[in-house]
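Notes follow the structure.
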Amino acid sequence: METIQDLEARYIVNTYNRKAEETPCLIRGEGARVWDDGEKQYLDFLGGLAVNALGHCHPAVVEAVNKQVSSLIHTSNLYYTAPQVHLAEALVESSVPGSKVFFANSGAEANEAAIKLARKYKPGRYKIITAENSFHGRTMATLTATGQPKYREAFKPLLDGFEYARFNDLDSFAALVDEQTAAIMIEPVQGEGGAYVPGDAFMKGLRELCDRESILLIFDEVQCGMGRTGKLWAFQNWPVKPDLFTAAKGLGGGLPIGAMVAAEAFSAVLQPGDHASTFGGNPVACSAALAVLGLAGDEYFLKEVQDKGRLLGNRFAMIASNYHSLVKESRGMGLIMALELNQAAAKEIQKKCTAEGLLVNAIGENVIRVLPPLTISGAELEEGLNILEGVLQGFN
Ligand SMILES: Cc1ncc(COP(=O)(O)O)c(C=O)c1O
């Protein structure tokens, strides 16, 4: 009989490079744990790539989705639906009061909306400066925005007007601004790049630079937003506010949704006919997101994320110092953390962790990233860290 792995190899385009001998087929999840089709249990330090903010099948998300799915699944955006409007209200009130929201279905689409808005707001200004090592998505515009040549190379010619500055280097951004620049776009904490956190002076300086030059400051909060850094929005770790910001991933707690939030001064740039999405703001996805925001936006919840972030950060720092011949450094903020290795062992470490019942993520050859559910307990964090440390011992 053919296995799921055989069928996958025959029918699915191989963009994810899943390997039958080391990649489980997951069938069930609860909290910070998932189970495969052989009933093997895994502690999930990957959280669906920062999507499962409340863990797997959180009762609040399940209830909200069940309720909505049995009353109205989809209507199109030609009609009002209450979950969409209430979610917009919750997003605005939790971030940049006075702003307005455009709903999409993914991070890349949310960023597309931000890029289109930035290009429209001042005729003649079309250039967008992003950061080296950034990640903004896989559509043609967001791929062009992504400051990692390896993702872009095969798809040239790309869009005009994207330039790349060094992350956390204000002068490098300032040097690229000219009279055609429309916006600067960065991730407040770089995710796919390997959990890089910028300094205070850089963040404040970027805001001042954008004000001085009358250009938009766009924050891509797709990965680092929704409570992951210990603040609901990562930018709230600094005394700066964006003109536009985008969210996705954790926002829907597992359902596909993206959002672009535009500050009041820019909230009327996109006019009827300028942009649209058939599924964007779908009532089921919005109901799920309302449930996630209801919990993740709570001060006490965020304080717990900060505490767990400290636990994870301290242990990662200890691992970096105890295994210094293997680990170059530990980086990150809250529950988005990475270990950079001195050797190309990340994939092998990921494979061994999976075999030991822990899901982590190898970025390239040298970085191990973790993005556990925000609801993970301190004991579960310790349990997973013990597995990871056990695996690292074998490589030291
Ligand atoms: C910061 C950031 N922006 C955008 C995206 C793209 O999101 P999506 O895969 O939902 O299109 C990602 C995905 O990893 C991301 O990390």
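The values are calculated or read from the model by the stated rules, or taken from the named source; none is laboratory data. No experiment lies behind these values; they were computed from the predicted model shown. Glycine also receives a Cβ, built like all others from the backbone with ideal geometry; neighbour counts cover every protein chain displayed. Accessible surface is based on the protein model in full, side chains and every heavy atom, while ligands, DNA and RNA are left aside. Shrake-Rupley method; radii C 1.70, N 1.55, O 1.52, S 1.80 Å.
Which of the numbered conditions does residue 209 fail, given that it passes all the others? Conditions: (1) in contact (Cβ under 8 Å) with a residue 24 or more places away in the chain; (2) more than 13 Å from the ligand (Cβ to nearest atom); (3) more than 22 Å from residue 134 (Cα to Cα).
Answer for residue 209: the failing condition is (3).
Using beta carbons and a limit of 6 Å, which pairs, at least six apart or on different chains, have the first residue in segment 253-267 and touching a residue at least 60 places away in the same chain (Cβ under 8 Å) and within 12 Å of the ligand (Cβ to nearest atom) and the second one of a type in the set (A, V, I, L, M) and part of a strand (DSSP E or B)?
Every condition considered, the pairs that remain are 258/104; 259/101; 259/247.
Since residue 87 meets every condition but one in (1) more than 15 Å from residue 216 (Cβ to Cβ); (2) in a helix (DSSP H, G or I); (3) within 12 Å of the ligand (Cβ to nearest atom); (4) not polar (S, T, N, Q), which condition does it not meet?
(3)
Return the residue satisfying two criteria in turn: it lies in segment 268-283 and is touching a strand residue (DSSP E or B) at 6+ places or on another chain (Cβ under 9 Å) and open to solvent by less than 10 Å² (accessible area, probe 1.4 Å), and of such residues it is nearest to the ligand (Cβ to nearest atom).
280
Checking residue 94 against (1) within 16 Å of the ligand (Cβ to nearest atom); (2) within 17 Å of residue 222 (Cα to Cα); (3) among the hydroxyl-bearing types (Ser, Thr, Tyr); (4) open to solvent by 20 Å² or more (accessible area, probe 1.4 Å), which test does it fail?
Of (1) within 16 Å of the ligand (Cβ to nearest atom); (2) within 17 Å of residue 222 (Cα to Cα); (3) among the hydroxyl-bearing types (Ser, Thr, Tyr); (4) open to solvent by 20 Å² or more (accessible area, probe 1.4 Å), only one is false for residue 94: (1).
Open to solvent by less than 50 Å² (accessible area, probe 1.4 Å), within 21 Å of residue 106 (Cβ to Cβ), more than 12 Å from the ligand (Cβ to nearest atom) and outside the structural domain of residue 51 (by TED's automatic domain parsing): is that true of residue 181 in this structure?
Details: open to solvent by less than 50 Å² (accessible area, probe 1.4 Å): yes; within 21 Å of residue 106 (Cβ to Cβ): no; more than 12 Å from the ligand (Cβ to nearest atom): yes; outside the structural domain of residue 51 (by TED's automatic domain parsing): yes.
Taking the combined requirement at face value, the residue does not satisfy it.
Which of the residues belonging to segment 154-167 are open to solvent by 70 Å² or more (accessible area, probe 1.4 Å) and more than 16 Å from the ligand (Cβ to nearest atom)?
Of all residues in segment 154-167, those open to solvent by 70 Å² or more (accessible area, probe 1.4 Å) come to 154-157, 160, 166.
Across segment 154-167, the qualifying residues are 154, 156, 157, 160, 166.
Which condition number does residue 108 fail, the rest of (1) open to solvent by 10 Å² or more (accessible area, probe 1.4 Å); (2) within 16 Å of the ligand (Cβ to nearest atom); (3) under 27 Å from residue 205 (Cβ atoms) being met?
Unmet for residue 108, out of (1) open to solvent by 10 Å² or more (accessible area, probe 1.4 Å); (2) within 16 Å of the ligand (Cβ to nearest atom); (3) under 27 Å from residue 205 (Cβ atoms): (3).
Would you check if there is a residue in segment 48-58 being away from the ligand (no atom under 16 Å from the Cβ), more than 26 Å from residue 367 (Cβ to Cβ), open to solvent by 60 Å² or more (accessible area, probe 1.4 Å) and within 26 Å of the chain's Cα centre (by Cα)?
Within segment 48-58 (the criterion being away from the ligand (no atom under 16 Å from the Cβ), more than 26 Å from residue 367 (Cβ to Cβ), open to solvent by 60 Å² or more (accessible area, probe 1.4 Å) and within 26 Å of the chain's Cα centre (by Cα)), the answer is yes, since at least one residue qualifies.
Suppose we filter segment 288-302 for residues that are in contact (Cβ under 8 Å) with a residue 24 or more places away in the chain and either exposed (fewer than 13 other Cβ atoms within 10 Å of the Cβ) or within 17 Å of residue 379 (Cα to Cα) (or both); how many remain? Step through it out loud before you land on a result.
Start the filter on segment 288-302 by keeping residues that are in contact (Cβ under 8 Å) with a residue 24 or more places away in the chain, which leaves 288-297, 301-302.
In the following step, the residues that additionally are either exposed (fewer than 13 other Cβ atoms within 10 Å of the Cβ) or within 17 Å of residue 379 (Cα to Cα) (or both) were identified as 301.
The total comes to 1.
With (1) away from the ligand (no atom under 11 Å from the Cβ); (2) open to solvent by 10 Å² or more (accessible area, probe 1.4 Å) as the list, and residue 192 as the residue in question, which single condition is left unmet?
Failed condition: (1).
Only one of (1) open to solvent by 10 Å² or more (accessible area, probe 1.4 Å); (2) within 15 Å of the chain's Cα centre (by Cα); (3) at positive phi; (4) not acidic (Asp, Glu) fails for residue 231. Which number is that?
Only one criterion is unmet by residue 231, namely (3).
Considering only segment 188-227, how many residues are over 18 Å from the mean Cα position of the chain (by Cα) and among the acidic types (Asp, Glu)?
Counting residues in segment 188-227 that are over 18 Å from the mean Cα position of the chain (by Cα) and among the acidic types (Asp, Glu) gives 4.
Just to be sure, is residue 190 in contact with a Phe, Trp or Tyr (Cβ under 6 Å, 6 or more places away or on another chain) and of a type outside the set (A, V, I, L, M)? Quick ask: steps written out before the conclusion?
Values: in contact with a Phe, Trp or Tyr (Cβ under 6 Å, 6 or more places away or on another chain): yes; of a type outside the set (A, V, I, L, M): yes.
When the stated conditions are applied, residue 190 passes them.
Select from segment 119-153 the residues that are aromatic (Phe, Trp, Tyr) and either within 16 Å of the ligand (Cβ to nearest atom) or in a helix (DSSP H, G or I) (or both) and write down the one among them that is farthest from the chain's Cα centre (by Cα). Let's see the steps before the verdict.
The first filter runs over segment 119-153 and keeps only residues aromatic (Phe, Trp, Tyr), leaving 121, 126, 135, 151.
When the remaining residues are screened for being either within 16 Å of the ligand (Cβ to nearest atom) or in a helix (DSSP H, G or I) (or both), the result is 121, 135, 151.
Values: 121: 26, 135: 9, 151: 17 Å.
Filtering segment 119-153 for residues that are aromatic (Phe, Trp, Tyr) and either within 16 Å of the ligand (Cβ to nearest atom) or in a helix (DSSP H, G or I) (or both), the one farthest from the chain's Cα centre (by Cα) comes out as 121.
Here is a yes/no grid of residues against (1) in a loop (DSSP other than H, G, I, E, B); (2) over 17 Å from residue 333 (Cβ atoms):
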position: 157; (1), (2): yes, yes
position: 168; (1), (2): yes, no
position: 171; (1), (2): no, yes
position: 183; (1), (2): no, yes
